[in-house]
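Comments concern the structure below.
The values are calculated or read from the model by the stated rules, or taken from the named source; none is laboratory data. As the structure is a prediction and not an experimental result, all values here were calculated from the model. All Cβ positions, even for glycine, are placed from backbone atoms using ideal geometry, and neighbour counts span all protein chains on display. These accessible areas exclude ligands, DNA and RNA; they are computed on the full protein's heavy atoms, side chains included. Shrake-Rupley method; radii C 1.70, N 1.55, O 1.52, S 1.80 Å.
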Amino acid sequence: MNEKRFRNGRYAVRLLLAVCIALPAGSCSGGTDNAGRSAVSQTVSAEESGPAVASVPVQYEQLQYRKYSETYGWKAADSAAESGRDVPDRYELYRQAVPGGFLVSENEDDYYICVSIGKKPSANEGFRVEKVTVSGGGEGQTSPARPFLTISVRPTADDPVPEGMKGEAFVTSLLRIPKQQLPSGTVVRDILMIET
């Protein structure tokens, strides 16, 4: 019985790895959110994102923009204080995340999403969020059974950082997305990040 469970577990891990490897030039990570539901994040380039899916724009607020290295941690001066007691601690867990979008926390009113572009070779590299959309749910459309949130980012090579911050750095941002801005009945569990 235990041997059968072990084999099934190995099969599930192989299947997840095969899916991640099969994604063209992207990265994939999986896990569970704070309510124990499956949460998947994938990153692709704009050219590899495939045919456009009907989507609607989503309002968001950038709460934090941070850089981390082995020798320093830096937060943009214009970063706002996020609400929710658990959000800062959970966001901190993603400070060295692979590229992608991750559900950090959720409450009755908002989703908190960490966007990471991973480790960059220079502290002056970073990114800007260009837009956030959710699949389906436009006028005359019903929300899909499993909608996905798409976060489009543009890498930058000239982020201003204080003197002395040199070398590799992980770059992340914390977004707040009000649930009332999403199409009625939308529950986001899948996040796609596109670098443009």
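Per the conditions (1) touching a residue at least 12 places away in the same chain (Cβ under 8 Å); (2) of a type outside the set (Gly, Ala, Ser); (3) open to solvent by 10 Å² or more (accessible area, probe 1.4 Å), the sole criterion not satisfied by Asp89 is (1). State whether the residues of the stretch 73-82 include one that is farther than 17 Å from Pro178 by Cβ, in a loop (DSSP other than H, G, I, E, B), open to solvent by 40 Å² or more (accessible area, probe 1.4 Å) and at pLDDT 65 or above. Checked against the condition, which is being farther than 17 Å from Pro178 by Cβ, in a loop (DSSP other than H, G, I, E, B), open to solvent by 40 Å² or more (accessible area, probe 1.4 Å) and at pLDDT 65 or above, the stretch 73-82 yields at least one hit. Every listed requirement among (1) open to solvent by 40 Å² or more (accessible area, probe 1.4 Å); (2) modelled with pLDDT of 90 or more; (3) part of a loop (DSSP other than H, G, I, E, B); (4) in contact with a strand residue (DSSP E or B) (Cβ under 8 Å, 6 or more places away or on another chain) is met by Asp158 save one, (4). Checked against the criteria, Glu108 counts as of a type in the set (D, E, K, R), at pLDDT 50 or above and closer than 20 Å to Val188 by Cβ. Considering the stretch 173-189 alone, what residues qualify as being touching a residue at least 60 places away in the same chain (Cβ under 8 Å) and open to solvent by 30 Å² or more (accessible area, probe 1.4 Å)? Correct list: Arg176, Pro178, Lys179, Gln180, Gln181.
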